[in-house]
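The next block holds one structure in the form of structure tokens; read it before the comments.
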Amino acid sequence: MREPAIIEAPSVLGLRPSGVQDLPAALSAAGLLRADPPVARAARVEPAAYDPRRDPVTGVLNSDALARYSVRLADAVGDVLDSGRFPVVLGGDCSILLGNLLALARRGRHGLLFLDGHTDFYQPSAEPTGEAASMELALVTGRGPRPLTDLEGRGPLVRDEDVAALGFRDTAESARAGMQPLPPELYTLDLDGVRAMGAGRAARRAVDRLAGAPGGYWVHLDVDVLDDAVMPAVDYRAPGGLSWAELERMLRVALTGDRVTGFDVTIFNPRLDPDGSIASALVRCLNRGLSALTSEVA
């Protein structure tokens, strides 16, 4: 059994202070990883104050603060990894992925399983507001301004061929907005593809594709991969998405075995869930998925 340890990363440096910074408290209150004895809360990494001005050099909001935050988050994730535990990082916005993967890059070559309703592959010139939360997959694969793509001189944090992106449904809209296309070396399966293959099989195919990364892989979850009908508590809504059951099946596959190194949850906005019902449903799904950490096979 691998013992999970929670790291709270309530950063909105890559988005805006709209409410996603309350994600750790909301999911904890709803019973995430509730156990006896309680799951350890290993750290809370507080971000710098939010600055709404775009950096004139990088074109990214809070780029200097985000680079510094990523190093501090990587330190916290690294401490959990060094203790032999499994980091569960609660965002915040999707830009926390930089710190999580920096922690792994310090330890060698790793992969990334990217579960997101969007591909988040914008460059600053195309992203309307300069939000790194719309660029994080581009940044961790080395595309974008150097202060965010070459953290500690370790960029890219993950190779194209070591990434699998599943469940997205924004391709046409993003292309019209000027987002660059995903590179062919990066394994992708959109929502329709996941549905055609079946959620569990799609996750297994993706995990198998990451076998070339000798250090294992990280799992990134943006909750807007879920169907808008069950997960409206996000800042950028889009119709369609995975069902609770589909996400649970994918997580159970992704989080089984000794190659998965860590997991993050991002973008859920508790301020858009006034009665807490969505948080409760999300926690039930996450707890069932995370129960795979004690399993030997998917």
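The values are calculated or read from the model by the stated rules, or taken from the named source; none is laboratory data. Remember, it's a predicted structure, so these values are computed and weren't measured experimentally. Cβ: placed from backbone, ideal geometry, glycine included. Neighbour counts: every protein chain shown. The protein model used for the area step is the full one, side chains on, heavy atoms only, and it has no ligands, DNA or RNA in it. Shrake-Rupley method; radii C 1.70, N 1.55, O 1.52, S 1.80 Å.
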The residue from LEU102, LEU61, LEU81 that alone is within 19 Å of ALA213 (Cα to Cα), open to solvent by less than 20 Å² (accessible area, probe 1.4 Å) and at pLDDT 95 or above is LEU102
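Quick check on VAL89: is it β-branched (Val, Ile, Thr) and buried (at least 24 other Cβ atoms within 10 Å of the Cβ)? Give the derivation first.
Details: β-branched (Val, Ile, Thr): yes; buried (at least 24 other Cβ atoms within 10 Å of the Cβ): yes.
Against the criterion (β-branched (Val, Ile, Thr) and buried (at least 24 other Cβ atoms within 10 Å of the Cβ)), VAL89 qualifies.
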Cβ contacts < 8 Å: first residue within 14 Å of GLY19 (Cα to Cα) and at pLDDT below 95, restricted to the stretch 223-237; second residue open to solvent by 10 Å² or more (accessible area, probe 1.4 Å) and part of a loop (DSSP other than H, G, I, E, B), any location; separation 6+ or different chain. Result? TYR236/HIS118
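Quickly run through the stretch 229-253 and pick out the residues that are of a type in the set (D, E, K, R) and open to solvent by 30 Å² or more (accessible area, probe 1.4 Å). Before the answer, list the steps.
Of all residues in the stretch 229-253, those of a type in the set (D, E, K, R) come to 235, 237, 246, 248-249, 252.
Answer for the stretch 229-253, where residues must be of a type in the set (D, E, K, R) and open to solvent by 30 Å² or more (accessible area, probe 1.4 Å): ASP235, ARG237, GLU248, ARG249, ARG252.
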So which residues in the stretch 173-213 are closer than 16 Å to ARG252 by Cβ and surrounded by fewer than 12 Cβ atoms within 10 Å (Cβ to Cβ), if there are any at all? ASP208
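Out of curiosity, is LEU113 modelled with pLDDT of 95 or more, outside any loop (DSSP other than H, G, I, E, B), under 20 Å from ASP190 (Cβ atoms) and of a type outside the set (S, T, N, Q)?
Working: modelled with pLDDT of 95 or more: yes; outside any loop (DSSP other than H, G, I, E, B): yes; under 20 Å from ASP190 (Cβ atoms): yes; of a type outside the set (S, T, N, Q): yes.
Criteria met by LEU113.
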Which one of the conditions (1) modelled with pLDDT of 95 or more; (2) closer than 13 Å to MET179 by Cα does GLY142 fail to meet, given that it meets all the rest? (2)
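Provide a single number: the residues in the stretch 257-298 that are polar (S, T, N, Q) and free of Cβ contacts under 8 Å to residues at least 12 places away in the same chain.
Of the residues in the stretch 257-298, the ones polar (S, T, N, Q) are 261, 266, 269, 277, 280, 287, 291, 294-295.
Filter once more, keeping what is free of Cβ contacts under 8 Å to residues at least 12 places away in the same chain: 277.
Qualifying residue count, the stretch 257-298: 1.
Is it the case that LEU148 is part of a helix (DSSP H, G or I) and either touching a strand residue (DSSP E or B) at 6+ places or on another chain (Cβ under 7 Å) or open to solvent by 60 Å² or more (accessible area, probe 1.4 Å) (or both)? Lay out the reasoning, then the answer.
Working: part of a helix (DSSP H, G or I): yes; either touching a strand residue (DSSP E or B) at 6+ places or on another chain (Cβ under 7 Å) or open to solvent by 60 Å² or more (accessible area, probe 1.4 Å) (or both): no.
Spelling it out, it is not the case that LEU148 is part of a helix (DSSP H, G or I) and either touching a strand residue (DSSP E or B) at 6+ places or on another chain (Cβ under 7 Å) or open to solvent by 60 Å² or more (accessible area, probe 1.4 Å) (or both).
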Name the pairs whose Cβ atoms lie under 9 Å apart, with the first residue in the stretch 47-69 and within 13 Å of SER95 (Cβ to Cβ) and part of a strand (DSSP E or B), the second at pLDDT below 95 and open to solvent by less than 70 Å² (accessible area, probe 1.4 Å), and 6 or more positions between them or separate chains? LEU61/THR129
Out of all the residues in the stretch 156-181, which are part of a loop (DSSP other than H, G, I, E, B), under 27 Å from ASP64 (Cβ atoms) and at pLDDT 95 or above? PRO156, LEU157, VAL158, ARG159
Taking the stretch 1-58 as the region of interest, how many residues are open to solvent by 20 Å² or more (accessible area, probe 1.4 Å) and small (Gly, Ala, Ser)? 12
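Which one is modelled with the lowest pLDDT among residues in the stretch 286-298 that are surrounded by fewer than 22 Cβ atoms within 10 Å (Cβ to Cβ) and in contact with a helix residue (DSSP H, G or I) (Cβ under 8 Å, 6 or more places away or on another chain)? Working first, answer last.
Step one: of the stretch 286-298, the residues surrounded by fewer than 22 Cβ atoms within 10 Å (Cβ to Cβ) are 287-288, 290-298.
Going one step further and asking which of them are in contact with a helix residue (DSSP H, G or I) (Cβ under 8 Å, 6 or more places away or on another chain), we end up with 288, 290-292, 295, 298.
Details: ARG288: 95, LEU290: 94, SER291: 93, ALA292: 94, SER295: 65, ALA298: 38.
Selected residue: ALA298.
Just to be sure I understand, how many residues within the stretch 50-76 are under 15 Å from PRO10 (Cβ atoms) and of a type in the set (A, V, I, L, M)?
Step one: filter the stretch 50-76 for residues under 15 Å from PRO10 (Cβ atoms), giving 50, 62, 65-66, 69-70, 72-73, 76.
From what's left, of a type in the set (A, V, I, L, M): 65-66, 73, 76.
Total meeting the criteria: 4.
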Scan the stretch 175-188 and report the pairs whose first residue is closer than 14 Å to GLY144 by Cβ and whose second residue is basic (Lys, Arg) and surrounded by 12 or more Cβ atoms within 10 Å (Cβ to Cβ), with Cβ atoms within less than 9 Å and a gap of 6+ or a chain change. GLN180/ARG143; PRO183/ARG143
In the stretch 108-143, what residues are open to solvent by 30 Å² or more (accessible area, probe 1.4 Å) and touching a residue at least 60 places away in the same chain (Cβ under 8 Å)? GLY108, ARG109, HIS118, SER125, THR129
Exactly one of (1) in a loop (DSSP other than H, G, I, E, B); (2) within 26 Å of VAL234 (Cα to Cα) is unmet by GLY84. Its number? (2)
